[in-house]
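Notes follow once the structure below has been shown.
The values are calculated or read from the model by the stated rules, or taken from the named source; none is laboratory data. Since the model is a prediction, treat every value here as computed from it, not as a measurement. Here the Cβ is made from the backbone with ideal geometry for all residues, glycine too, and neighbour counts use every protein chain on show. We work out accessible area using only protein heavy atoms, side chains counted, and drop any ligands, DNA or RNA first. Shrake-Rupley method; radii C 1.70, N 1.55, O 1.52, S 1.80 Å.
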Amino acid sequence: MKIALVGNPNVGKSTVFNALTGSNQQVGNWAGKTVERKSGLIQRANQEIELIDLPGTYSLTAYSQEEIITREYILREKPDVVMAMVDASNIERNLYLVLQILELSPRVVIGLNMLDLAQTAGITIRTSELAAALNVPVVEIVAAKGKGIEEFLTEAIRVGELEQDLSPVEVSYPKELEQKIQAMEDLLAKTKWATRYPMRWLALKRLERDPEIGQEWKISTSQSRKSKSKDSCCDPGDVVNYELLETVVLPGDDLLQTYEAEGWSKDHFEMAFADAKYKYISHILPRFRTHENPAKPTWTDLLDRWVLSPIWGYPIMFAVLAVVFWGSFVASAPIGDAVSQGMAWTADVLVGLLRWGHVPDFVQSLVRDGIFAGVGAVLAFVPQIAIFFAFFSFMQDSGYLARAAFLGDRFMQLMGLHGKSFFSLVSGFGCNVPGIMATRTLEDPKDRLITMLINPLIPCVPRLGVMSAVVAAFFPGSRGSVVMLSLLFLSMILVMFSALFLRRVVKQTERSAFVMELPLYHIPTMRNVLIPTWHKTYSFLKRAWTFILVASIVVWVLSSYPQGVPMNETWAGDMGGWLSFIGRPLGFDWRIMVAIVFGFTAKETTLSTLGILYGVAADASQSIAQAMTGAMTPLRAFTFLVVYMLYIPCLASVVTTYKESGSLGWTSFGVAYNLILSFVMGWIVFHGGMLLGFQ
Amino acid sequence: MKRLLGDLKPGERACVEHIEGGGALRRRMMDMGIVPGVELEVVRRAPWGGPLQVRLKGYYLAMRRGECAKIIVTEAHQEHREHLLASR
Ligand SMILES: Nc1nc2c(ncn2[C@@H]2O[C@H](COP(=O)(O)OP(=O)(O)O)[C@@H](O)[C@H]2O)c(=O)[nH]1
């Protein structure tokens with residue numbers, strides 16, 4: 001039996017899904033979409049049930065990816081039962097989606113969640129009256145406490161096994177509309193195709209000129225494709241593809257023309273249907289809901305007085321961000337170090353074994369300096385990513401993320417972006433990898449792509465560390481902070497400029513709408529935080545693994561062949577040499593170019609590369625930077641800092657962009673854009689500086 | 001008296017009269033429950049021209065000022081009746 005969970009965002013769908021499926025989940029992506037697809041198998045009374053958690057959505061039109069997915073799933077895959085979840089504390093708007101589902105799907109069970117919250121807000125819902133008003137079963141749940149979840153599933157199974165479909169309530173539209181719907185129904189009743197969907201729904205959609213009406217789709221889960229993509233680096237997950245089989249021409253075009261002439265356009269119909277649904281809801285609402293003291297402030301109201309306050313909102317946000325940053329990027333450092341040390345130790349043990357077995361030297365070096373060093377550098381990120389995502393899930397589930405978007409929206413508006421991009425960009429200061437991953441909350445795919453592509457321009461903590469060491473060496477005293485601030489300012493300006501520029505490139509014509517729900521505050525459950533954290537970390541590891549392994553080996557080969565020569569004569573050194581024609585206009589010598597080439601895997605290594613090239617024995621970043629002062633003028637150092645800050649952060653960020661955007665083209669574009677921008681900016685700074693008479 | 005939603009002061013209420021423009025934005029507003037006749041309350045405005053927090057149907061929505069300027073509202077005089085209905 002196939003059962004689908006549907007509901008508004010934040011109703012507690014994941015809580016129910018996690019409780020029912022436990023660890024037995026498959027997380028992938030919807031074909032061609034950047035939205036997660038979660039499914040799980042459940043065994044109940046010799047029934048095997050496939051439960052699908054559809055993305056949270058406010059309606060079944062085709063406005064966002066989430067809506068399209070939910071609609072396509074219900075239309076094309078026809079689940080046996082739909083479990084529709086409703087937030088009791090916000091039932092009026094939630095029922096709007098329910099009414100749409102009832103029109104489309106004959107077997108629906110309603111799960112009335114958040115009853116505890118509703119109660120504290122003074123809302124009482126009489127479940128039996130609600131069930132009577134809609135004529136479908138209603139089950140009471142408090143998902144966060146695990147209450148009613150099993151009953152919800154049992155009821156869904158019972159409905160799925162019924163001989164006959166339920167006959168849910170039909171929204172009665174105003175008379176004028178009813179006549180038009182009836183006329184369309186009469187026309188459609190003659191076609192064979194029309195029998196597969198509820199007639200009334202078809203008529204409504206035909207009047208709205210829904211393009212999908214009349215199309216027939218085949219579902220294919222091509223096995224070969226599935227297994228092939230399993231081991232490639234960006235496994236799209238559980239691949240279900242829809243293939244268009246045929247498009248049936250439905251009758252009714254003439255009728256639509258007539259209506260159009262009478263002033264009933266597509267928009268007009270849509271508005272009228274929505275209006276009628278809301279009217280219907282307000283009409284039946286008093287039968288099952290009482291709201292005592294609606295004016296009494298709730299917890300959310302009290303908290304928001306501070307959290308969203310024009311004065312306190314920003315300090316609170318900075319405090320929250322500080323905790324997140326401290327937790328993910330500072331407190332995690334010892335774990336990251338432990339991982340690196342563990343890797344180094346394992347490498348030593350392995351190399352010891354290899355030596356004992358008289359394996360050739362180059363294999364030993366490949367294992368130690370290539371595989372373990374390269375993969376270890378990326379693995380050291382993993383604790384950061386995991387902790388960051390735990391915080392991220394916590395903030396998302398608790399409702400704070402929407403508040404941060406509300407407060408940050410003003411700044412994002414300047415760049416033509418959505419308020420939700422704010423958090424992704426701020427996270428970039430910690431590490432660009434989670435910053436790029438945090439774009440998932442953005443609904444509009446183009447906004448999401450832009451946010452992803454500009455994220456690398458924000459200097460992350462390791463880069464800031466290298467930069468401040470170089471700044472301290474070249475610009476002692478208070479001049480240093482001015483230089484550092486000017487660099488940060490430059491990065492801000494470029495982020496803004498790039499956002500506006502990329503909007504043109506990706507042809508983002510429509511200004512993204514910012515109509516966002518501010519959900520009530522919730523206390524997230526442990527399970528809801530830990531399960532997604534685990535999935536994200538695991539999928540990062542799984543997908544990055546092969547790619548990073550290959551890249552590490554390539555870098556190792558380039559930087560250690562021909563064997564036994566100094567660094568500048570290896571292939572990578574040669575590359576730096578060839579590339580010095582790019583560096584020369586910027587005043588860079590070959591050493592800088594070599595360091596830039598080597599920095600591609602992970603930029604924090606740049607200083608140690610420079611240390612080797614400048615022949616500084618010391619390990620400390622301060623002394624390396626000190627040694628550079630003899631070889632470079634401050635202007636050149638500043639130019640270097642600009643280029644260093646702006647070019648690709650690291651291999652892991654590139655892999656993440658590829659994985660999250662699912663497009664090799666856009667990833668290459670991003671890399672190229674970064675490189676070109678950094679060198680162009682470097683050139684401008686260098687020549688501008690010379691013109692102004694700086695040394 | 002007709003006004004734009006964006007002109008309301010925090011704490012003021014009004015009823016939606018109609019929504020200008022069309023396309024995705026309007027549909028989105030519709031999905032969130034902003035249809036003619038609905039009562040809205042502006043709760044607060046983010047500083048420096050940031051978005052507005054609006055309350056409707058017992059929940060909260062954040063909207064930019066540009067979007068609020070598309071919503072024409074009239075004075076809320078049905079307030080009383082609605083409360084009566086709700087507590088019936
Ligand atoms: N108070 C309360 N909170 C709940 C209940 N069910 C879920 N939550 C919380 O609501 C938030 C959103 O739930 P989630 O399952 O992530 O919603 P989804 O977006 O629909 O998947 C989480 O913080 C949950 O812990 C409930 O019955 N009562």
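Would you say A:Ile123 is touching a Ser or Thr at 6+ places or on another chain (Cβ under 8 Å), within 14 Å of another protein chain (Cβ to nearest Cβ) and within 16 Å of the ligand (Cβ to nearest atom)?
For A:Ile123, the condition - touching a Ser or Thr at 6+ places or on another chain (Cβ under 8 Å), within 14 Å of another protein chain (Cβ to nearest Cβ) and within 16 Å of the ligand (Cβ to nearest atom) - is met.
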Worksheet item: Using beta carbons and a limit of 7 Å, which pairs, at least six apart or on different chains, have the first residue in segment A:124-145 and more than 26 Å from A:His522 (Cβ to Cβ) and the second one buried (at least 16 other Cβ atoms within 10 Å of the Cβ) and aromatic (Phe, Trp, Tyr)?
Response: A:Glu129/A:Phe288; A:Ala133/A:Phe288
Discussion item. I'd like to check which strands (runs of 3 or more DSSP E) are fully inside segment A:44-127 and have at least 3 residues that are in contact with a Gly (Cβ under 7 Å, 6 or more places away or on another chain) and in the same structural domain as A:Asn18 (by TED's automatic domain parsing).
Written reply: A:81-87
Worksheet, complete the sentence: Among A:Met681, A:Met645, the single one that is touching a Pro at 6+ places or on another chain (Cβ under 6 Å) and under 21 Å from A:Phe475 (Cβ atoms) is A:Met645
Worksheet item: Given A:Gln43, A:Gln47, A:Gln26, which one is of a type in the set (S, T, N, Q) and in contact with a strand residue (DSSP E or B) (Cβ under 6 Å, 6 or more places away or on another chain)?
Response: A:Gln26
Fill in: Lone qualifier among A:Ala144, A:Ala121, A:Ala132 - being under 28 Å from the mean Cα position of the chain (by Cα) and open to solvent by 20 Å² or more (accessible area, probe 1.4 Å)
A:Ala144
Item to complete: Sort out which residues of segment A:70-94 are more than 11 Å from the ligand (Cβ to nearest atom) and closer than 21 Å to A:Leu162 by Cα, and write them in order of number.
Response: A:Ile74, A:Leu75, A:Glu77, A:Lys78, A:Pro79, A:Asp80, A:Val81, A:Val82, A:Met83, A:Ala84
Worksheet item: Which residues, counting only those in segment A:1-49, are more than 10 Å from the ligand (Cβ to nearest atom) and basic (Lys, Arg)?
Response: A:Lys2, A:Lys33, A:Arg37, A:Arg44
Practice prompt. Sort out which residues of segment A:28-43 are open to solvent by 10 Å² or more (accessible area, probe 1.4 Å) and out of contact with any Gly (no Cβ under 7 Å at 6 or more places or on another chain), and write them in order of number.
Written response: A:Trp30, A:Ala31, A:Gly32, A:Lys33, A:Val35, A:Glu36, A:Lys38, A:Leu41, A:Gln43
Worksheet entry | Selected residue [of a type outside the set (Lys, Arg), modelled with pLDDT of 70 or more, open to solvent by 20 Å² or more (accessible area, probe 1.4 Å) and assigned to a helix (DSSP H, G or I)] from A:Leu202, A:Leu255 | A:Leu255
Worksheet item: Is there a residue in segment A:473-483 that is surrounded by fewer than 23 Cβ atoms within 10 Å (Cβ to Cβ) and within 14 Å of another protein chain (Cβ to nearest Cβ)?
Response: no
Discussion item. Looking at A:Ile101, A:Ile74, A:Ile68 in this structure, which one is within 14 Å of chain B (Cβ to nearest Cβ) and more than 13 Å from A:Trp30 (Cβ to Cβ)?
Written reply: A:Ile101
Worksheet item: What single numbered condition from (1) surrounded by 17 or more Cβ atoms within 10 Å (Cβ to Cβ); (2) modelled with pLDDT under 90 fails to hold for A:Asp165?
Response: (1)
Worksheet item: Does A:Tyr278 meet the test of being over 30 Å from A:Leu558 (Cβ atoms), assigned to a helix (DSSP H, G or I) and in contact with a Gly (Cβ under 8 Å, 6 or more places away or on another chain)?
Response: yes
Practice prompt. Have a look at A:Trp326, A:Trp312 and point out the one that is free of Cβ contacts under 8 Å to residues at least 24 places away in the same chain and touching a Phe, Trp or Tyr at 6+ places or on another chain (Cβ under 7 Å).
Written response: A:Trp312
Worksheet entry | Pairs where the first residue, in segment A:4-19, is of a type in the set (S, T, N, Q) and the second is within 6 Å of the ligand (Cβ to nearest atom), C-beta under 7 Å, 6+ apart | A:Asn8/A:Gly56; A:Asn10/A:Gly56; A:Ser14/A:Asn528; A:Thr15/A:Ala143; A:Thr15/A:Ala144; A:Thr15/A:Thr525; A:Thr15/A:Asn528; A:Asn18/A:Asn528
Worksheet, complete the sentence: Scanning segment A:1-27 residue by residue, the ones that are polar (S, T, N, Q) and open to solvent by 40 Å² or more (accessible area, probe 1.4 Å) total 5
Fill in: Extreme residue, nearest to the ligand (Cβ to nearest atom), among residues of segment A:529-545 that are at pLDDT 85 or above and open to solvent by less than 20 Å² (accessible area, probe 1.4 Å)
A:Val529
Worksheet entry | 2 or more residues within 9 Å of the chain's Cα centre (by Cα): qualifying strands (runs of 3 or more DSSP E) within segment B:1-73 | B:13-19, B:39-45, B:52-56
Response to the item:
Of the conditions (1) within 16 Å of the ligand (Cβ to nearest atom); (2) crowded, with 24+ Cβ neighbours inside 10 Å; (3) over 25 Å from B:Arg55 (Cβ atoms), the single one that A:Ala156 does not satisfy is (1)
Response to the item:
Of the candidates A:Ile523, A:Ile553, A:Ile582, the one satisfying the condition of being open to solvent by 30 Å² or more (accessible area, probe 1.4 Å), away from every other protein chain (no Cβ under 14 Å) and modelled with pLDDT of 85 or more is A:Ile523
Practice prompt. Being touching a residue at least 40 places away in the same chain (Cβ under 8 Å), crowded, with 23+ Cβ neighbours inside 10 Å and within 13 Å of the ligand (Cβ to nearest atom) narrows it down to one of A:Leu97, A:Leu112, so name that one.
Written response: A:Leu97
Worksheet item: So A:Leu302 clears everything in (1) more than 30 Å from A:Leu204 (Cβ to Cβ); (2) more than 9 Å from chain B (Cβ to nearest Cβ); (3) more than 32 Å from the chain's Cα centre (by Cα) except one condition, right? Which one?
Response: (3)
